[in-house]
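Peer 1: Below are the structure tokens for one structure; questions will follow.
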Amino acid sequence: MLMWIGFLACSAAIFISGYRLSINGDIIAEKSGLGRSWVGLVLIASVTSLPELVSGISAVAYTDSPDLATGGVLGSCAFNLSILVVMDALLRGKPLSSRLGTDNLMAAGMGITLIGLSALGLFLSDRGWSFMGVGFYTPAIILLYLIAMRLVFLASSRASGDNPAQEDLQYGHLSLRKSVIEFGTDSLVVIVAAVFLPVTCEAIAAQTGLGETFIGNALVALSTSLPELVVSLAAIRIGAVEMSVGNILGSNMFNMLVLAVDDIFYRKGDLLSHSEPHQIVPALASITMTAIFITGISFKADNKRLPVGWDTLAITLFFVLDMWLLLSMRT
């Protein structure tokens, strides 16, 4: 019971602080002139992925739970994509994917590439493709992530040039300095909560017998995806559709960078070589879910015949299949 209380307390701290981070991040975007589209894909997405970063490092460096770290990252990608259906359900008229431009299309494509590298790393985990305890996928992910950030920036700049209208000012009465301080404070709260998250989940895995693979993909991934959920739904409510989806897709790209960082911190060898082969299930599910969403963005349906679009409905089905497979193959 104590571990469940600790898990809920950590999740609540991440949830509340993640919401505050989104507000202050939006203020910083306006005050600094960086723009909400870029901030949604990069700054906000990176910050809402802090729980995955810190919980992953904690799992590999302190609790020696590589499977928990890998499952937390890959499971978070699947959970993040499942948030799209909730966002779609809140919109009337055109489906969510039909409201998006090339910025998010670029981010989705790069996300598939990065997640595909992790799937390849899991597939080749028994081939010994590592150097000095680091998998071949780690430098590749880091390099491609930097390239992706550059490409997304160029796409965002091109879109801004095509539409030079200025964004409405909403925070003229607020201080940039105060927002930066609050942003840093909330980031610290997220970090502290995320440090203790793997400890509680490892105890829950041992107590329930569900195993680290399923717990990592379910409990850890769910709790660390709470900031993405809060930020994206809040953005939908104020009409910032591009920013809300950018947060989801940008978070998945950052999650792959987290996987590379976890591999560096794990000093017993290649991280994916010490993870269960079943982890390839959420990786492949995330790739499929993202590909479906790209198809929806490209097709641009005029309206929804159901409360959600066909693409987000299909994404939901693949997410359910992902969870069912992990539960049936738990170790």
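No value in this document is a laboratory result; all are computed from the given coordinates. Because the structure is a prediction, the values reported are computed rather than measured. So basically every Cβ, Gly included, is an ideal-geometry build from the backbone, and we count neighbours across all protein chains shown.
Peer 1: Read phi for every residue in region 250-265 and hand back ³J(HN,Hα) as whole Hz from Karplus 6.51 cos²θ - 1.76 cosθ + 1.60, θ = phi - 60°, with x for Gly and Pro.
Peer 2: Couplings: x, 5, 5, 5, 5, 4, 5, 5, 4, 4, 5, 5, 4, 4, 5, 6 Hz.
Peer 1: Considering the Cα trace of region 223-282, what is its radius of gyration and what is Dmax, both in angstroms?
Peer 2: Reported Rg and Dmax, both Å: 15.3, 47.
Peer 1: Still on this structure, please answer the following. In what sequence do 31, 304 fall when counting other Cβ within 10 Å, fewest first? Numbers along the way, then the final one.
Peer 2: Values: 31 17, 304 20.
Ascending Cβ contact count within 10 Å gives the list 31, 304.
Peer 1: Also, I was wondering about something else. How large is ³J(HN,Hα), in whole Hz, for each residue of region 48-64 in order, when computed from phi with the Karplus curve 6.51 cos²θ - 1.76 cosθ + 1.60 and θ = phi - 60°, using x for Gly and Pro?
Peer 2: Karplus values, whole Hz, x for Gly and Pro: 5, 8, 4, x, 4, 5, 6, 5, x, 4, 4, 5, 8, 8, 10, 9, 6.
Peer 1: Provide the per-residue ³J(HN,Hα) series for region 188-194, in order, calculated from phi with Karplus coefficients 6.51, -1.76, 1.60 and θ = phi - 60°, each as a whole number of Hz, with x at glycine and proline positions.
Peer 2: 5, 4, 4, 4, 4, 5, 5
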